[in-house]
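Step one of this worksheet: look at the structure below.
The values are calculated or read from the model by the stated rules, or taken from the named source; none is laboratory data. Nothing here was measured: the structure is a model prediction, and the numbers come from that model. Glycine also receives a Cβ, built like all others from the backbone with ideal geometry; neighbour counts cover every protein chain displayed.
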Amino acid sequence: MAHAHAQASAHSHAHVHEHKKRYTGIMDWLTTVDHKKIGILYLGAGLVFFLIAGLEAVFVRLQLMYPMNNVLSAQQFNEMITMHGTTMLFLAALPILYGFFNFIVPLQIGARDVAFPFLNSLGFWTFVFGGILLNLGFFTGSLPDAGWTAYPPLSTMYSPGEGMDLYSIGLQLSGIGTLLGGINFIVTIVNMRAPGMTMMRMPLFTWTCFVMSILIVFAFSAFAVGLLMLTFDRIFGGNFFNPTTGGNVILWQHIFWIFGHPEVYILILPAFGILSEVIPTFSRKRLFGYTSMVFATAIIGFLGFMVWAHHMFTVGMGAVANTLFSIATMLIAVPTGIKIFNWIFTMWKGQITFNTANLFATGFIPSFTMGGVTGVMLAIAAADYQFQDSYFVVAHFHYVIVGGTVHGIFAAFFYWFPKMFGRKLNETLGKIMFWLFLIGFHMTFFVQHWLGLIGMPRRVYTYLDGQPGWNEMNFVSSVGALLMSVAVILLLINVIITMRKPADAEGDAWGDGRTLEWAIASPPPEYNFKQVPLVRGLDPWWLEKRAGRKEMTPAEPVGPIHMPNGSILPLIMSIGLFIAGLGIMYSQTIVAVLGFGVLIVCMVIRSLVDDPGYHIDPEELDSKGVKA
Amino acid sequence: MVNRWMKRLVPFMAMMLFLLTGCDYELAGVLSPKGPVAERQLELILLSLGVMILVLIVVFVLFFTVIVRFRRKPGQDEIPEQIEGNHKLEVTWTVIPILLLTILAIPMVVVTFNLEDEAQAFETEDALLIKVTGKQFWWEFEYPAQGIVTAQEVYIPVGEKVVFQLTASDVQHSFWVPELGGKKDTNVGNRNINYLYLEAEYPGVYKGKCAELCGQGHALMDFKVHAVERAEFDAWVKNMLTPATVTADVEKGAELFDNTCLTCHAVDPGQLSVGPNLNGFADRAYIGGFIENNADNLAQWIKDPLSMKPGVTMPGFQNSLTEEEINEIVKYLQSLN
Amino acid sequence: MSHAHAEGNSIESLERRTLEGRNKILGFWIFLGAEVVIFGTLFAAHIGLRSEVNFGPSGSELFSLPIVAIMTALLLTSSMTSVMAIQAMHRHDAKGVAVWLAVTVLLALGFLALEIYEFTHYVHEYGFDIQMSPFSTTFYVLVGCHGLHVAIGIIWISLLIGQLFKKGLTVVTAPKIYVASLYWHFIDVVWVFIFTVVYLMGKVG
């Protein structure tokens, strides 16, 4: 773990020779424990899965473009919607957000890395291999097909192929990575802030990382148990959800949604955090109502655990349960609304620049608010009896996820790209992409509110001809999906052409940076801060600039900087777990034992062999990039 | 200057155009309630929509004002005032939403409890009880008081309270007739039986849909609710209880049917079976829920149902019955009224 | 607040003297929070499903409280011995730590042996396996999950004893031992719940 020499005396490493393991090229990326590189890895892998999930969505919409279409069979369609939802939520959105958190949060709090760099790497590789496991169905011919919600008995007794096993074991594996990441962020934020950075001086992006991570720790653990139960029922003859022996299928629904609802707040809080960085920066004003924003974030996180059964209004829990959950759900609208207004008033009397990052950030506000208000409509239990499992729900959650999280992700991408890669993305391409995406997004999902209201259920592979309005609205919806695809392609082109340009961005790339990441080079040197900075208040970099300084005031003298060594163990451990997962799936005990054996051996090696890392001497310290 | 506004206006108008594509069509489903339950639910929906549109207007007006008025002008370099916040505003936009939510919460509580009470009171009240069993991929309806078992098309009397007792035999399904009211899940197993109160105010044939992903045939698991005047309902009951006479020209078909099809199907009025009870089949508009009920389709269905409806659990008989045999069975089925 | 405090033998105990140590301890508490949710979910499933015996034996027929009482005594004692180990650690008595940790492991092995005997007894005498009923499934998954945690703890603590001999009590090994003892207490608390909710309440029926 990287920190200043002042602590070296607290180590008893004197008897162990430290050395730097020199990895280069691909090995460097495979063994890295540097939060910046791991952040880029998360972004890359997340982007790949985002493209795959997007393609799955295009297939879904192509099938629904015409009534009684035959682009996909019913079975293939059920597989596509399952994979689209599962991949987007677990393998695209969350990892991309982890990518940003990994790269930026330590910089924002003035730290040199996260609390557990090794676990950080392990988290990434388990996510990758879990994602690969989940997608193996494309090669084995049996994909998960019971929806991302996997309700039994459909997902157990009535899905005899391997598809649902890939789901239960693949997500279990990638869930380990998510959990490790959550723990890592919490400890980093609590223990490793620079001197002067109290909790109430942390940037909102860091705050949302903190609250999101708490949600992850509690929600993903419940889901892990649910997946375990699903695995037991499917592979070991368990009876959790077996109605013929007395099991209870509703138990799955409760466990799933106790996870599933916090999951959506896990996805949206980071987007809120991104907005709270981008909008102030490009309005040249501080965030309006910082304290309220922090409390709103915390309340949303807390309430997020109290509302899960609004996904189960039609299950028959009774009027008391339904009304209680209904009221709790409506309450979440209050702190969310507080945030919307605070962003608007941040821009009030500001000087707004509408570059692509800010277009996506501000574009979030009307789109997400529309999604939020349909959420309030859905919260009304008796009305939800009509909405539930119809396209109205599909419209709602895409408005909040695409209009919300995805907009936030695109904003973050354009905003922090220069910090990560030393160059800004092309603005013209970016703006075209923004408008194409916006138009396509509304085209696809606005009509779906109407489709739900006139009676179209969700997860239907086709619809009968001759129902007034169905053909036209489904057609429009599908065209919008194609527009969004073009927009994403433009983004890819943008990245490719940008990476060919010279990396000459300034540290304070946008000129008006407020938070600590903008006080160092773009991209930052391996050790982030030559000297840990002294934080004097909220928006510490902005404060120093207004006081006329060109650099942060240091909180320590220059000295050797301790850095951790990379390690190949996380990759090997993840492969071991991957093998174990396959062994369990196919009931091959030896394979499973082998896989777990690899894991255990690696853990023992890691524990017994002390690796004290190495030091960077003051003479070597200069503003070098990530590839030091 | 004009160019700048055109650059903004055109995409905006394009967006609005697409927003409006939803507004052209006949009201149907939820928006066209044909009974008191659906009406009350639509009232709730419209109330919440109205309140939410108010919220949207406020947010949009503020938002568009801000993004237009406070753009950075060229040469504007002085740092704007860094405003920490405003306590009064925070209170305002906390309290007003709470008030708006209260306006929504009160009718929500009333209607939710009311609907539940209506559904649970069927034992003490004069309600028609119909047992619904969701199956992959069709619906079985049993009238315990009348001793009738039927499938796919359920008859109810207009203007009277009906309570559906909901369950499923294989996977989770959900029973939804948008024009009559919201849905309730048909849960598998005996511990989670649901009761759903619906009532039709006008006679008509209302579309029913399955609303829980249940496998390949989920999209095609349609059923129909026939709401008829009481007299007509009584006549229907009487008709269903009177088995169709087997005339000479369908005798062969009846015999083939008894030997081949009775393992899964039934034609006796009160008999439950693995497959749909086919009593009164000739009067049904659809085969398998959505295929037009005529001789050709019926023959094809018997030969190879999987080719017409994915995931269907009925086997095909093209290899075990001859063309003539199938036609005889079709003739027999078309006589069941 | 994120930097080291005084050096040498000081106010701060050995395991908290480094940032890595403090990070490990906080991280582990959070991990235990996740474990609370994991076991909580398993308990909820067990409580919800334990009446469904599918014509098989119920808890009152199966459970033998004397054996379970012995297992409880073993595990509770092992938790106490792990406390003694930490106290030795705070006295910088490396040998004492090793001894107390070894006793902890032995007691845990006793617990595990009895549990394995218990499970095999149920399977052979009653045919009571995972597949029999929802009750049997939740029983084995919940109690088995705990047993797995005990087994992992045994291996972990044994390895720590080994490290103690090789490297001694340092600012690197101290947090590991501390965290392992936290884990051990947690396992013990979970067992108290299992003993009460699964065995006692199950026996009463």
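For A:Leu97, state whether it is at pLDDT 95 or above, part of a loop (DSSP other than H, G, I, E, B) and either closer than 27 Å to A:Trp125 by Cβ or within 14 Å of chain B (Cβ to nearest Cβ) (or both). Against the criterion (at pLDDT 95 or above, part of a loop (DSSP other than H, G, I, E, B) and either closer than 27 Å to A:Trp125 by Cβ or within 14 Å of chain B (Cβ to nearest Cβ) (or both)), A:Leu97 does not qualify.
Looking only at the range A:591-622, count how many residues are touching a residue at least 24 places away in the same chain (Cβ under 8 Å) and of a type outside the set (A, V, I, L, M, F, W, C). Residues that pass the stated criteria total 10.
Per-residue answers, yes or no, for (1) in the same structural domain as B:Gly159 (by TED's automatic domain parsing); (2) under 23 Å from A:Met456 (Cα atoms); (3) at pLDDT 95 or above:
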position: B:Val30; (1), (2), (3): no, yes, yes
position: B:Val55; (1), (2), (3): no, no, yes
position: B:Pro74; (1), (2), (3): no, no, no
position: B:Pro97; (1), (2), (3): no, no, yes
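Being of a type in the set (A, V, I, L, M, F, W, C), over 25 Å from B:Glu78 (Cα atoms) and modelled with pLDDT of 95 or more, is that true of even one residue in the range A:535-554? No, the conditions are met nowhere in the range A:535-554. Among the residues of this structure, C:Ile70 does not count as one that is within 30 Å of A:Ser213 (Cβ to Cβ), aliphatic (A, V, I, L, M) and touching a residue at least 24 places away in the same chain (Cβ under 8 Å). Considering the range A:31-57 alone, what residues qualify as being small (Gly, Ala, Ser) and surrounded by fewer than 20 Cβ atoms within 10 Å (Cβ to Cβ)? Result: A:Gly44, A:Gly54.
Among residues of the range C:120-135 that are within 13 Å of another protein chain (Cβ to nearest Cβ), those with a Cβ under 7 angstrom from a residue that is among the aliphatic types (A, V, I, L, M) and surrounded by fewer than 17 Cβ atoms within 10 Å (Cβ to Cβ), sequence gap 6+ or separate chain, pair up as C:Asp129/C:Val123. When A:Val320, A:Val249, A:Val264 are screened for being more than 24 Å from the chain's Cα centre (by Cα) and over 25 Å from B:Cys210 (Cα atoms), only A:Val320 passes.
In the range C:31-47, the residues that are in contact (Cβ under 8 Å) with a residue 12 or more places away in the chain form Cβ pairs under 8 Å with partners that are of a type in the set (Phe, Trp, Tyr), at six or more places apart or across chains, as follows: C:Leu32/C:Tyr183; C:Leu32/C:Phe186; C:Glu35/C:Phe186; C:Phe39/C:Phe193; C:Phe43/C:Phe193; C:Ala45/A:Phe240; C:His46/C:Phe139. Suppose the filter is in contact (Cβ under 8 Å) with a residue 24 or more places away in the chain, out of contact with any Lys or Arg (no Cβ under 8 Å at 6 or more places or on another chain), surrounded by fewer than 20 Cβ atoms within 10 Å (Cβ to Cβ) and among the hydrophobic types (A, V, I, L, M, F, W, C); does C:Leu182 pass it? Considered against the rule, which asks whether it is in contact (Cβ under 8 Å) with a residue 24 or more places away in the chain, out of contact with any Lys or Arg (no Cβ under 8 Å at 6 or more places or on another chain), surrounded by fewer than 20 Cβ atoms within 10 Å (Cβ to Cβ) and among the hydrophobic types (A, V, I, L, M, F, W, C), C:Leu182 comes out as yes.
Residue count for the range A:187-201 satisfying the condition of being surrounded by fewer than 23 Cβ atoms within 10 Å (Cβ to Cβ) and under 22 Å from the mean Cα position of the chain (by Cα): 1. For the range C:82-94, indicate whether the set of residues that are in a helix (DSSP H, G or I), within 23 Å of C:Glu118 (Cβ to Cβ) and either touching a Lys or Arg at 6+ places or on another chain (Cβ under 7 Å) or hydrophobic (A, V, I, L, M, F, W, C) (or both) is non-empty. Looking through the range C:82-94, none of the residues is in a helix (DSSP H, G or I), within 23 Å of C:Glu118 (Cβ to Cβ) and either touching a Lys or Arg at 6+ places or on another chain (Cβ under 7 Å) or hydrophobic (A, V, I, L, M, F, W, C) (or both). Only residues that are under 18 Å from A:Tyr415 (Cα atoms) and more than 7 Å from chain B (Cβ to nearest Cβ) were counted across the range A:355-376, and they come to 9.
Restricting to the range A:451-471, name every residue that is surrounded by fewer than 24 Cβ atoms within 10 Å (Cβ to Cβ), at the interface with chain B (Cβ under 7 Å from one of its Cβ atoms) and either on the phi > 0 side of the Ramachandran plot or not in a loop (DSSP other than H, G, I, E, B) (or both). Across the range A:451-471, the qualifying residues are A:Arg459, A:Gly469. In the set (1) of a type in the set (Gly, Ala, Ser); (2) under 26 Å from A:Phe101 (Cα atoms); (3) out of contact with any Phe, Trp or Tyr (no Cβ under 9 Å at 6 or more places or on another chain), A:Ala57 fails one condition alone, (2). Go through the range B:160-213 and count every residue that is over 13 Å from the mean Cα position of the chain (by Cα), part of a strand (DSSP E or B) and small (Gly, Ala, Ser). Qualifying residue count for the region: 2.
If you check A:Gly350, A:Gly337 for being at pLDDT 95 or above, at the interface with another protein chain (Cβ under 9 Å from one of its Cβ atoms) and not in a helix (DSSP H, G or I), only one passes: A:Gly350. Of all residues in the range A:494-549, those being under 21 Å from A:Pro203 (Cβ atoms) and polar (S, T, N, Q) number 4. Restricting attention to the range C:15-59, which residues are at the interface with chain A (Cβ under 9 Å from one of its Cβ atoms) and basic (Lys, Arg)? Answer for the range C:15-59, where residues must be at the interface with chain A (Cβ under 9 Å from one of its Cβ atoms) and basic (Lys, Arg): C:Arg17, C:Arg22, C:Lys24. Here A:Ile439 meets the list (1) among the aliphatic types (A, V, I, L, M); (2) in contact with a Ser or Thr (Cβ under 7 Å, 6 or more places away or on another chain); (3) within 14 Å of chain B (Cβ to nearest Cβ) almost entirely, failing just condition (2).
Looking at the structure I just gave you, is A:Leu331 within 11 Å of chain B (Cβ to nearest Cβ), under 25 Å from the mean Cα position of the chain (by Cα) and in a helix (DSSP H, G or I)? Steps first, answer last, please.
Details: within 11 Å of chain B (Cβ to nearest Cβ): yes; under 25 Å from the mean Cα position of the chain (by Cα): yes; in a helix (DSSP H, G or I): yes.
Considered against the rule, which asks whether it is within 11 Å of chain B (Cβ to nearest Cβ), under 25 Å from the mean Cα position of the chain (by Cα) and in a helix (DSSP H, G or I), A:Leu331 comes out as yes.
In the range B:42-59, the condition of being more than 7 Å from chain A (Cβ to nearest Cβ) and of a type in the set (S, T, N, Q) is met by no residue. Tallying residues that are within 18 Å of A:Pro270 (Cβ to Cβ) and surrounded by 19 or more Cβ atoms within 10 Å (Cβ to Cβ) within the range A:304-324 yields 1. Pick from the range A:287-320 the residues that are more than 14 Å from A:Lys339 (Cα to Cα) and assigned to a loop (DSSP other than H, G, I, E, B): which of them is nearest to the other protein chains (Cβ to nearest Cβ)? Applying the filter and picking the extreme gives A:Gly316.
Among the residues in the range A:150-164, are any within 14 Å of chain B (Cβ to nearest Cβ) and in contact with a strand residue (DSSP E or B) (Cβ under 9 Å, 6 or more places away or on another chain)?
Of the range A:150-164, the ones within 14 Å of chain B (Cβ to nearest Cβ) are A:150-161, A:163-164.
Subset that is in contact with a strand residue (DSSP E or B) (Cβ under 9 Å, 6 or more places away or on another chain): A:152-153.
Yes, there is a match, as at least one residue in the range A:150-164 is within 14 Å of chain B (Cβ to nearest Cβ) and in contact with a strand residue (DSSP E or B) (Cβ under 9 Å, 6 or more places away or on another chain).
When A:Phe240, A:Phe272, A:Phe256 are screened for being in contact (Cβ under 8 Å) with a residue 12 or more places away in the chain, within 19 Å of the chain's Cα centre (by Cα) and within 14 Å of chain C (Cβ to nearest Cβ), only A:Phe256 passes.
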